[in-house]
Amino acid sequence: MTSIAIIGAGPQLGLSIARTFGAQGFDVALISRNRAKLDDLVAQLAAEGINAAAFPADVLDRDALTQALKDAAAQFGGIDVLEYSPVGSFGSTTLTTPTGTEPSHVQHEMEFQLYGAIAATQAVLPAMREAGAGTLLYTTGAGSIDPVPAVANVNAVAAALRNWAINLHKELDGTGIQAAHVGIDVSIGMSVVPGFPTAKPEQISPVYWDLHTTKRDQAELVFSL
């Protein structure tokens, strides 16, 4: 039995990743803050014949996040794939230009993106090391690679997460555990910035399956149109 834990399991990309792996027989653990939304996603997946369960936790609460992953591992007999892509709300995320950035604007994003990813990894990596197998995938916007002034604080932290994920790939080389960064250079589902390309989540989710299966030697894949 194999399972994937999706942190930041939203109704677009998170759900599509769940469908991609679930269609291959994976059990799916969905982790995010909102229990009601998670339950709705679990019901949608169940209607499609995919075994999924909700484990509510806020990535800013390290203990709760770690416990959610432990609970998921206990229910599904382990976590074979971790996918980390939490999305901040407009209410919680202040977007700043480089000159308008204060340390506090970066600190929240560090807690949300980088520190949450590290905590989640620490929760699942020991069992993966013991098994000699596993996949760790971390998602950011492509601003982590080619930053955009309007979202300087978010891009700076996304770049830190990208750097850490690629470095983790290097450290784990030869262990049977794949770590990789996914950079998404499109708007997902609907246009946010005029003129910026938009892709459906089901166009993007196969990238994660490829990294887990046929592209395990790659530290990064960028999705663009």
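So the values come out like this:
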| item | result |
| --- | --- |
| Rounded FRET efficiency, nearest 0.05, which uses the C-beta distance separating residue 23 from residue 47 and R0 of 22 Å | 0.95 |
| Residue-count net charge about residue 2 - beta-carbon cut-off 11 Å; Lys, Arg +1, Asp, Glu -1 | -2 |
| Over 16 Å [Cα-Cα, region 85-182], rounded percent | 56 percent |
| Distance between region 9-78 and region 142-212 - C-alpha centres, whole angstrom | 20 Å |
| Rounded FRET efficiency, nearest 0.05, which uses the C-beta distance separating residue 2 from residue 129 and R0 of 25 Å | 0.90 |
| Length added when fully stretched, residue 171-residue 37, from 0.36 nm per residue minus Cα-Cα | 44.6 nm |
| Net charge, residue 79 excluded, C-beta distance under 15 Å - Lys, Arg +1, Asp, Glu -1 | -3 |
| Student exercise, the chain dipole from Lys, Arg, Asp, Glu Cβ charges, in Debye to nearest 20 | 100 debye |
| Cα-based helix-to-principal-axis angle, 116-131 vs the chain, degrees rounded to 10 | 30 degrees |
| Entry for Kirkwood radius over Cα pairs in Å (calculated from the structure that is shown) out of (1) 18.8; (2) 20.0; (3) 17.5 | (3) |
| Pairwise label distance in nanometres, residue 71 with residue 93, each label 7 Å out on the Cα-Cβ vector | 2.5 nm |
| Solvent-accessible ranking of 139, 213, largest area first, probe 1.4 Å | 213, 139 |
| Cβ-derived FRET efficiency at R0 25 Å, residue 110 paired with residue 216, nearest 0.05 | 0.30 |
| Fraction of accessible area attributable to carbon and sulfur, the chain (%, probe 1.4 Å) | 54 percent |
| Built amide H within the under 5 Å cut-off of residue 176, gap 5+ | none |
| Rounded accessible area of residue 102 (nearest 10 Å², 1.4 Å probe) | 100 Å² |
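The values are calculated or read from the model by the stated rules, or taken from the named source; none is laboratory data. Remember, predicted model here, so these are calculated numbers, not experimental data. Ideal geometry is used to build each Cβ from the backbone, glycine not excepted, and the neighbour counts take in all protein chains shown. These accessible areas exclude ligands, DNA and RNA; they are computed on the full protein's heavy atoms, side chains included. Shrake-Rupley method; radii C 1.70, N 1.55, O 1.52, S 1.80 Å.
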